[in-house]
Amino acid sequence: MRFKNFLSFERMITPVIIKVLFYIGFVASIIGGIVVFIGAVIAGFADGGVGAILLGFIGGLIGGILTAILGALATRIYAELLILFFRINETLTDIKGLLQDK
C-alpha cells in the first residue's frame, strides 16, 4: 500500500528531505559560528597587541554566537515555510477523503 502511495504521489516525501536539510543547515550554522570566532581571534593575533587580541576575541565571540543563532533561526524559518505547503496539501487531501466518504 505504501509503494502505491509513493507511485501515485498521494503522500509527499519532500517533507522528510526538508527535515534532513534543516539538520544539515543547523550544523552548518554552528560550524559557521565557530569559523567566525576563530577567524576573528586569528585576525586579532595577526594585528598584535593586547587590545587587538582582546577585541578579536570579544568580536569573534559575539559574531560567532550571532552567526550560529541567526543562521539556525533562518534555517528553521525557511524549513517551516517549505513544510507548511506540504501540510496544507496533506490536510486538504484528508478533507477531500472525508468528503468523498460521506
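Any read-out appearing in this document is the output of simple, stated calculations on the displayed coordinates, not a laboratory observation. Please read all numbers here as calculations on a predicted model, not as lab measurements. Backbone-built Cβ (ideal geometry, glycine too); neighbour counts: all protein chains shown.
Data for the structure
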{"quantity": "Dipole axis of the chain (+1 Lys, Arg; -1 Asp, Glu on Cβ), positive-most option in Thr93, Ile69, Gly44", "calculated": "Thr93"}
{"quantity": "For the chain: relative contact order, % (alpha-carbon pairs under 8 angstrom, 6 or more apart)", "calculated": "32 percent"}
{"quantity": "MRE, 222 nm, helices only [DSSP H, n ≥ 4, -39500 (n - 2.57), over the chain, to nearest 500]", "calculated": "-33000 deg cm²/dmol"}
{"quantity": "Rg ratio (alpha-carbon, reference 2.2 N^0.38 Å) - segment 63-102", "calculated": "1.94"}
{"quantity": "Rounded tilt (10° steps) of 14-47 against the dominant C-alpha axis of the chain", "calculated": "0 degrees"}
{"quantity": "Between helix 50-101 and the chain: long-axis angle, C-alpha atoms, 0 to 90°, nearest 10", "calculated": "0 degrees"}
{"quantity": "Where the Cα pairs of the chain fall when distances are cut into 10 Å bins, in %", "calculated": "15, 26, 20, 15, 11, 8, 4, 1"}
{"quantity": "For Asp101, Asp47, order by how many other beta-carbon atoms lie within 10 Å, fewest first", "calculated": "Asp101, Asp47"}
{"quantity": "Loop GluC sites (Glu not before Pro), segment 8-102, which have at most 15 other Cβ atoms in a 10 Å radius of their Cβ (DSSP)", "calculated": "Glu10"}
{"quantity": "DSSP-assigned coil residues among trypsin sites (Lys or Arg not before Pro) in segment 20-100, each with at most 11 further Cβ atoms within 10 Å", "calculated": "none"}
{"quantity": "Stretchable slack from Ile34 to Gln100, in nm (0.36 nm times residue separation minus alpha-carbon distance)", "calculated": "18.4 nm"}
{"quantity": "Between segment 14-42 and segment 44-84, the Cα center-to-center distance that results, in Å", "calculated": "11 Å"}
{"quantity": "Environment charge of Gln100, counting only residues whose C-beta is closer than 14 Å and scoring Lys/Arg +1, Asp/Glu -1", "calculated": "-1"}
